[in-house]
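Engineer: Got a structure for you, questions after.
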Amino acid sequence: MDIWTDYIVLCDFDGTISETSLSDFLYRKFASCGMMYSELWAEDRIGTIEEIENSFKCISASKEEMENALASVRLVSGFLDFYNFCHSNSLDLIIVSDGLEWAIRFVLERSDVRDIGIMSNQIYFRPDGFRFKFPYFDPEYPKIGVRKLNIVNRFKLQEKKVILIGDGKTDIEAAQAADYVFANNSLIDFCRNKNVPFFPFKNFHDILGTLEAGHFSVHE
């Protein structure tokens, strides 16, 4: 039996799989308010829902115009090899992101990554404007659109060993509950400060090398 069938990978997208945050990319290019609401979110003064809804009120571009711009976004080195490794080894891989599923799926499909689960916020393009749904919102944690801790716990109840890959504040709660954590950027600082075991990574070649070795060597 394949050793990976009992595991699941929950992976952040913005700044982890993509080289930049897709929402921030769109705000910079198309929103008349620019990064104002994103910066308020980063300062923890507003939540994800308020950030997204207010920022998109400042966007007049069409879906096609935004997708034409998103076509320039690059994936982090090694992700396609990592994706193929997961697919070949029956290792479930799901993207868990506080961004927008539409933008994530568009960027991935340009690299022929199609059969992948995405748990994220949703945007709908209507004749009278943008509409949003937040299916993973938890009212007990109102600053975040997708509460990743709940998702980690859901899979642990299914007796899955959860491998979390992340880089920022939306991954903090989940990192404390996951079985294994691959951390980048500010998530490294959090894990060190809170004594959460983790593996540092710069790109997916680092992660792939650890998994291919067949064992985990925790960095503290």
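The values are calculated or read from the model by the stated rules, or taken from the named source; none is laboratory data. Just so we're clear, the structure is a prediction, and the values are computed from it rather than from any experiment. No Cβ is skipped: glycine too gets one built from the backbone with ideal geometry, and neighbour counts run over all protein chains shown. Heads up: the accessible areas ignore ligands, DNA and RNA and are worked out on the full protein's heavy atoms, side chains in. Shrake-Rupley method; radii C 1.70, N 1.55, O 1.52, S 1.80 Å.
Engineer: So which residues in the range 35-49 are open to solvent by 70 Å² or more (accessible area, probe 1.4 Å) and in contact (Cβ under 8 Å) with a residue 24 or more places away in the chain?
Structural biologist: Across the range 35-49, the qualifying residue is only ASP44.
Engineer: Is it true that some residue in the range 111-121 is over 21 Å from GLU64 (Cα atoms), assigned to a loop (DSSP other than H, G, I, E, B) and either hydrophobic (A, V, I, L, M, F, W, C) or within 17 Å of the chain's Cα centre (by Cα) (or both)?
Structural biologist: Among the residues of the range 111-121, at least one is over 21 Å from GLU64 (Cα atoms), assigned to a loop (DSSP other than H, G, I, E, B) and either hydrophobic (A, V, I, L, M, F, W, C) or within 17 Å of the chain's Cα centre (by Cα) (or both), which makes the answer yes.
Engineer: Are any of the residues in the range 68-90 farther than 29 Å from TYR180 by Cβ, of a type outside the set (Gly, Ala, Ser) and open to solvent by 30 Å² or more (accessible area, probe 1.4 Å)?
Structural biologist: Yes; the residues of the range 68-90 include at least one that is farther than 29 Å from TYR180 by Cβ, of a type outside the set (Gly, Ala, Ser) and open to solvent by 30 Å² or more (accessible area, probe 1.4 Å).
Engineer: For the range 165-193, how many residues are assigned to a loop (DSSP other than H, G, I, E, B) and among the acidic types (Asp, Glu)?
Structural biologist: 2
Engineer: Being open to solvent by less than 30 Å² (accessible area, probe 1.4 Å), among the aliphatic types (A, V, I, L, M) and in contact with a Pro (Cβ under 8 Å, 6 or more places away or on another chain) narrows it down to one residue among ALA183, ALA177; which is it?
Structural biologist: Of the residues listed, the single one that is open to solvent by less than 30 Å² (accessible area, probe 1.4 Å), among the aliphatic types (A, V, I, L, M) and in contact with a Pro (Cβ under 8 Å, 6 or more places away or on another chain) is ALA183.
Engineer: Pull out all pairs, ordered by first then second residue, where Cβ-Cβ is under 6 Å, the residues are six or more apart or on different chains, the first lies in the range 112-141 and is acidic (Asp, Glu), and the second is in a loop (DSSP other than H, G, I, E, B) and modelled with pLDDT of 95 or more.
Structural biologist: So the pair list comes out as ASP138/ARG147.
Engineer: Residue under question is SER32, and the condition is that it be surrounded by fewer than 19 Cβ atoms within 10 Å (Cβ to Cβ), of a type in the set (S, T, N, Q) and at pLDDT below 95; does it hold?
Structural biologist: no
Engineer: Within the range 42-56, identify whether any single residue is in contact with a Cys (Cβ under 8 Å, 6 or more places away or on another chain) and either more than 26 Å from TYR180 (Cβ to Cβ) or not in a helix (DSSP H, G or I) (or both), and answer yes or no.
Structural biologist: Yes, the range 42-56 contains a residue that is in contact with a Cys (Cβ under 8 Å, 6 or more places away or on another chain) and either more than 26 Å from TYR180 (Cβ to Cβ) or not in a helix (DSSP H, G or I) (or both).
Engineer: Give the range 57-97 a look and list any residue that's of a type in the set (A, V, I, L, M), outside any helix (DSSP H, G or I) and more than 30 Å from THR5 (Cα to Cα), or say none.
Structural biologist: Result: ILE59, ALA61, ALA71, VAL73.
Engineer: Next question, about the same structure. From the list VAL162, VAL196, which one is under 20 Å from CYS86 (Cα atoms) and either among the polar types (S, T, N, Q) or outside any helix (DSSP H, G or I) (or both)?
Structural biologist: VAL162
Engineer: Here is a follow-up. So is GLU65 acidic (Asp, Glu) and surrounded by 15 or more Cβ atoms within 10 Å (Cβ to Cβ) or not?
Structural biologist: no
Engineer: In the list ILE52, ILE17, ILE95, ILE59, which residue meets the criterion of being at pLDDT 95 or above, surrounded by fewer than 21 Cβ atoms within 10 Å (Cβ to Cβ) and either out of contact with any strand residue (DSSP E or B) (no Cβ under 6 Å at 6 or more places or on another chain) or of a type outside the set (Gly, Ala, Ser) (or both)?
Structural biologist: ILE59
Engineer: Let me ask something else about it. What's the total number of residues in the range 142-160 that are surrounded by 15 or more Cβ atoms within 10 Å (Cβ to Cβ) and either among the aliphatic types (A, V, I, L, M) or closer than 24 Å to LYS57 by Cβ (or both)?
Structural biologist: Total satisfying the criteria: 7.
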